[in-house]
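*Asks:* Below is one structure. I have some questions about it.
The values are calculated or read from the model by the stated rules, or taken from the named source; none is laboratory data. Just so it is clear, the model here is predicted, and its values are computed rather than measured. So basically every Cβ, Gly included, is an ideal-geometry build from the backbone, and we count neighbours across all protein chains shown.
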Amino acid sequence: MENYNGGKYAFANILSNPNINKLVVLVFEHDDNGHLLVDSLRQLWKEGVDKDGIIKNCNAPNPKFEGINNEALKILTRQADLIILKNIKDLSLPEKIIKANIQEPENAVKIDDNIEFYSNYSEKRLFYDCGARFEEPYKVDFSSATEK
């Protein structure tokens, strides 16, 4: 996914719905491809971006999500937690994670320490439906990108 072009559409959809508060990334066999998308996402949530939109401390050849401004990336990493499930061989784990995210707080599920979990909202490693984190959706404007 050179320049992470698809990322802008995925991120725009997440940002347009404040009720989406989890981004679950499934990695089935290999840790990452040559574009280092998983590393880019991990570092985006952990480190953020510099003034030019470059993801800090990222090893990717092009550590930037084109078409998404810095403000939108900052909101994205506060709106949604990032969960990375690696080396998936059994689909029961992603199913467990997804089902946990529709639970009420009193039925929260503690996630295993071996699951990568990044949150700029909560330090708790609990999965449940915490509802919308923002009242208004963030609108991503692609019109200036299409002019170029």
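*Asks:* Residues that are polar (S, T, N, Q) and within 17 Å of the chain's Cα centre (by Cα), at least 3 per element: which helices (runs of 4 or more DSSP H) completely within region 36-148 meet that?
*Replies:* So the answer is 70-79.
*Asks:* Is there any pair with a first residue in region 123-139 that is free of Cβ contacts under 8 Å to residues at least 40 places away in the same chain and a second that is of a type in the set (Phe, Trp, Tyr) whose Cβ atoms are under 8 Å apart and which are 6 or more apart or on different chains, and what are they?
*Replies:* Pairs found: ARG125/PHE117.
*Asks:* Next up: Go through region 49-71 residue by residue and tally those that are at pLDDT 95 or above and either closer than 12 Å to SER119 by Cα or crowded, with 21+ Cβ neighbours inside 10 Å (or both).
*Replies:* Number satisfying all stated conditions: 2.
*Asks:* Next question. Taking only region 86-108 into account, find how many residues are surrounded by 15 or more Cβ atoms within 10 Å (Cβ to Cβ) and β-branched (Val, Ile, Thr).
*Replies:* 1
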